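Below: one structure, written as structure tokens.
The values are calculated or read from the model by the stated rules, or taken from the named source; none is laboratory data. Just so we're clear, the structure is a prediction, and the values are computed from it rather than from any experiment. FYI the Cβ positions are ideal-geometry reconstructions off the backbone, even for glycines, and counts take in every protein chain you see.
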Amino acid sequence: MSTAAAEAPAADGPAARARGLTKAYGAGETAVLALDSVDVDIARGRFTAVMGPSGSGKSTLMHCLAGLDTVSAGAVWLGGTEITGLKDRELTRLRRDRIGFMFQSFNLIPTLNAAENITLPMDIAGKKPDEKWLDQVIDTLGLRDRLKHRPAQLSGGQQQRVACARALASRPELIFADEPTGNLDSRAGLEVLGFLRDAVDQLGQTVVMVTHDPGAAAHSDLVLFLADGRIVDRMADPTADAVLERMKRFDVGRGSADPEEG
Ligand SMILES: Nc1ncnc2c1ncn2[C@@H]1O[C@H](COP(=O)(O)OP(=O)(O)OP(=O)(O)O)[C@@H](O)[C@H]1O
Ligand SMILES: [Mg+2]
């Protein structure tokens with residue numbers, strides 16, 4: 001792709017970049033344009049939040065940036081590597097070595113206990129976890145006394161924390177988290193947010209987080225607002241109040257949501 005090549009980021013540039021990122025699902029009358037030519041740079045060592053109405057394309061954007069889904073058009077880079085066009089095996093390795101993903105649905109393996117779920121990606125990769133780091137992750141997320149439990153024996157919030165620990169276990173340089181606090185009570189949610197914040201501030205990791213919660217978004221450095229598959233606004237150094245106000249304008253503009261809601 002010659003036009004895309006011109007926009008390849010420098011090695012010390014953004015952690016991820018998309019140009020003209022377009023994703024269509026289905027064909028003909030039922031086709032859905034989930035992403036409509038999105039250009040975005042995800043700054044390295046920063047905490048970026050992604051917000052927008054349900055169905056606006058937030059999960060799709062994360063999946064495409066993380067190389068978990070194919071794109072219909074455009075180009076995506078992780079660091080200096082263009083991943084659109086990579087062979088499956090190369091992509092799998094790159095993902096495994098550099099990315100942690102917390103899915104909107106937790107994707108835990110039901111037959112494995114919490115501890116086994118947390119280290120599964122590393123076990124598959126044949127990598128030894130850094131035990132000190134792993135202990136810190138497990139204690140921060142309050143999972144110490146649940147490690148032997150299988151997902152079905154855990155509450156929704158505990159399952160989410162296991163998924164969070166799994167994403168962090170290998171200390172990936174880039175963490176994508178899809179509504180990581182969606183099923184947590186406020187205390188556990190704050191802990192997860194604090195943990196992601198620390199991962200950025202103290203460990204230089206890059207975090208991209210989808211959330212519907214203005215309070216959660218306020219922990220980020222930059223909020224990207226999505227609507228109908230496009231990035232329609234950005235807000236640096238967000239506060240919960242400012243994000244809430246922005247979201248309200250959205251709802252009114254779209255005419256689709258009740259501003260009294262939430
Ligand atoms: N596998 C799929 N097949 C068909 N359409 C899909 C598929 N996945 C997503 N879509 C559609 O793409 C659009 C964007 O979906 P996406 O999951 O990215 O939204 P979202 O912003 O994450 O929403 P939510 O806040 O509800 O999680 C939606 O209209 C959705 O119906
Ligand atoms: Mg989603």
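Brief remarks on what is shown
- Taken together, 187, 171 contain a single residue that is in a helix (DSSP H, G or I) and out of contact with any Ser or Thr (no Cβ under 7 Å at 6 or more places or on another chain), which is 187.
- Matching residues, the stretch 93-139, being at pLDDT 90 or above and β-branched (Val, Ile, Thr): 99, 109, 111, 118, 119, 138
- Scan the stretch 186-213 for residues that are more than 17 Å from residue 61 (Cα to Cα), surrounded by fewer than 22 Cβ atoms within 10 Å (Cβ to Cβ) and in contact (Cβ under 8 Å) with a residue 60 or more places away in the chain and the total you get is 3.
- Every pair of residues 6+ apart whose Cβ atoms lie under 7 Å, when the first sits in the stretch 174-185 and is touching a residue at least 60 places away in the same chain (Cβ under 8 Å) while the second is basic (Lys, Arg): 174/98
- In the stretch 23-44, the residues that are closer than 23 Å to residue 220 by Cβ, among the β-branched types (Val, Ile, Thr) and within 13 Å of ligand 1 (Cβ to nearest atom): 38
- Complete set of residues in the stretch 49-88 that are buried (at least 22 other Cβ atoms within 10 Å of the Cβ), more than 12 Å from ligand 1 (Cβ to nearest atom) and assigned to a strand (DSSP E or B): 49, 76, 77, 78
- Qualifying positions in the stretch 168-185 - away from ligand 2 (no atom under 16 Å from the Cβ) and either crowded, with 19+ Cβ neighbours inside 10 Å or under 20 Å from residue 16 (Cβ atoms) (or both): 168, 169, 170, 171, 172, 173, 174, 175, 184
- If the condition is being touching a helix residue (DSSP H, G or I) at 6+ places or on another chain (Cβ under 9 Å) and surrounded by 15 or more Cβ atoms within 10 Å (Cβ to Cβ), then the stretch 234-250 contributes 235, 238, 242, 243, 244, 246, 247.
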